[in-house]
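Just below is one structure, and these are the notes that go with it.
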Amino acid sequence: MKIERVELQEILMPLKSPFVTSFGRQEKKVITIVRLHSEGKVGIAESVALAFPFYNEETNGTLWNIMEEFLIPILLENEISHPDDVSSLFSHIRRNNMAKAVLESAVWDLYSRINNQSLSRALGGSYKEIDVGVSIGIERSIEQLLTVVGHFINEGYKKIKVKIKPGWDVEPIKAIREKYGYDVPLMADANSAYTLQDIDLLKELDQYKLIMIEQPLAHDDIIDHAKLQAQLSTSICLDESIHSLEDARKAIELGSCKIINIKVGRVGGLTAAKQIHDYCASKNIPVWCGGMLEAGVGRAHNIAIASLHNFSIPGDTSASNRYWNEDIVVPEVTTIRPGVIEVPKGDGIGFELNEQVIRKYLTREVSFGAKSKLGEEEAV
Ligand SMILES: O=C(O)CCC(=O)c1ccccc1C(=O)O
Ligand SMILES: [Mg+2]
């Protein structure tokens, strides 16, 4: 297939309520929507780079720069026979995984639509429905946290993940266990807020029987995580540290984690996500699909990848209404039963763009055609 036209749209959408982590606070989200045109079909994807480089080094700004200057010309100049080709075409460009992923995921959607199959099927997914959890930010008080946690337990989410940071760790976890008991599937995500010097505190968390603790130590570390895992009974799950199949292999060989959070954006696309999934399966390492506060298009891609068999732990892909008053897709992403999302059977991601909502929040728009390459940018 030959990509005939690439369209980028940037929107800025308010979150229902602020989302606070150890690295920052978000009240709204900038999202870049990619549309790829070929053979009368349109493949879509949504970027996950945040507005600031606090989770990883990319931002929405770097994403546009790398796409415009390097990645889009490659897409327009090359014949693509399978979406797996895209990661090879991009492989000489270092990192910038979120920029690569949004284009690559749109190619996967386009390919599935051209072949009249669902993205889940194209990826080799087997689940017809997936169990999902919810991620809860740092709240202003323990009381408020307990209210929010109670709300999502009532909604039936199959995994409750709470953000922790120094000064907000043992106390909130203890409070949740005391109020809601040990049957709640609970985990904590530190977003790299600790060091090995905090080992005693992290060991204290063992008594609360968390399903896992996500990324307690540095974003670029796998050595100290291995030392920590050897001392903890709770499983460590890596998020920020895993950018590639090679990273996953090294972390597993070192014993740095027992679980991996796969985010399509962080690893550079669906092909890499699938490869990491397959490798983890061969090593008996369960994986789950992480989130980056996606709107509906990103959720749809996450649902498709999470239909692969070794995604055996509920991911962070909650329903659209967890973060958004209105979604950029129709229908919105919803649960069919408490904590369960159906994997769409329609072509591609199985959702269409809600043009009205996109227009409402649009901040910029550019389009690139095959012939003129970067010659005729048209800004709004
Ligand atoms: O609900 C979601 O999309 C997951 C939210 C979340 O935990 C998160 C959101 C933004 C950046 C990093 C993370 C994370 O998993 O660490
Ligand atoms: Mg995380």
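Looking only at residues in the range 204-225 that are touching a Lys or Arg at 6+ places or on another chain (Cβ under 8 Å) and among the hydrophobic types (A, V, I, L, M, F, W, C), which one is farthest from residue 184 (Cα to Cα)?
Filtering the range 204-225 for residues that are touching a Lys or Arg at 6+ places or on another chain (Cβ under 8 Å) and among the hydrophobic types (A, V, I, L, M, F, W, C), the one farthest from residue 184 (Cα to Cα) comes out as 222.
For the range 304-318: of the residues being within 14 Å of the chain's Cα centre (by Cα) and in a loop (DSSP other than H, G, I, E, B), which is surrounded by the fewest Cβ atoms within 10 Å (Cβ to Cβ)?
Among those that are within 14 Å of the chain's Cα centre (by Cα) and in a loop (DSSP other than H, G, I, E, B), it is 318.
Taking the range 189-214 as the region of interest, how many residues are within 16 Å of ligand 1 (Cβ to nearest atom) and either of a type in the set (Phe, Trp, Tyr) or out of contact with any Leu (no Cβ under 6 Å at 6 or more places or on another chain) (or both)?
10
Which ones in the range 167-191 are surrounded by fewer than 22 Cβ atoms within 10 Å (Cβ to Cβ) and closer than 18 Å to residue 240 by Cα?
If the condition is that a residue be surrounded by fewer than 22 Cβ atoms within 10 Å (Cβ to Cβ) and closer than 18 Å to residue 240 by Cα, then 191 is the only one that fits.
Within the range 239-260, work out how many residues are in a strand (DSSP E or B) and surrounded by fewer than 24 Cβ atoms within 10 Å (Cβ to Cβ).
So the answer is 1.
For the range 226-246, how many residues are in contact with a Ser or Thr (Cβ under 7 Å, 6 or more places away or on another chain), farther than 11 Å from residue 190 by Cβ and within 16 Å of ligand 1 (Cβ to nearest atom)?
Total satisfying the criteria: 1.
Would you point out which residue out of 307, 320, 282, 312 is within 15 Å of ligand 1 (Cβ to nearest atom), small (Gly, Ala, Ser) and assigned by TED's automatic domain parsing to the domain that holds residue 260?
Sole residue among the options that is within 15 Å of ligand 1 (Cβ to nearest atom), small (Gly, Ala, Ser) and assigned by TED's automatic domain parsing to the domain that holds residue 260: 320.
Anything in the range 108-139 that is β-branched (Val, Ile, Thr) and away from ligand 1 (no atom under 15 Å from the Cβ)? List them, or say none.
Within the range 108-139, 114 is the sole residue that qualifies.
Going residue by residue through the range 167-184, is there one that turns out to be under 20 Å from the mean Cα position of the chain (by Cα) and either more than 16 Å from ligand 1 (Cβ to nearest atom) or under 25 Å from residue 147 (Cβ atoms) (or both)?
no
Got a number for residues in the range 56-68 being touching a Lys or Arg at 6+ places or on another chain (Cβ under 9 Å) and part of a loop (DSSP other than H, G, I, E, B)?
So the answer is 3.
Report, ordered by the first and then the second residue, all pairs with beta carbons closer than 6 Å, sequence separation of six or more or different chains, a first member in the range 151-170 that is more than 16 Å from residue 20 (Cβ to Cβ), and a second member that is within 15 Å of ligand 1 (Cβ to nearest atom) and part of a loop (DSSP other than H, G, I, E, B).
Within 6 Å, the pairs are 156/339; 157/133; 157/339; 158/133; 158/314; 158/339; 159/133; 159/314.
Determine the pairs where a residue that is over 19 Å from residue 275 (Cβ atoms), located within the range 225-244, has a partner that is hydrophobic (A, V, I, L, M, F, W, C) and part of a helix (DSSP H, G or I) with Cβ atoms under 6 Å apart, the partner being 6 or more residues away or on another chain.
226/254
The values are calculated or read from the model by the stated rules, or taken from the named source; none is laboratory data. None of the values given here were measured: they were computed from a predicted structure. Counting neighbours? That spans all protein chains shown, and the Cβs are built from the backbone with ideal geometry, glycine included.
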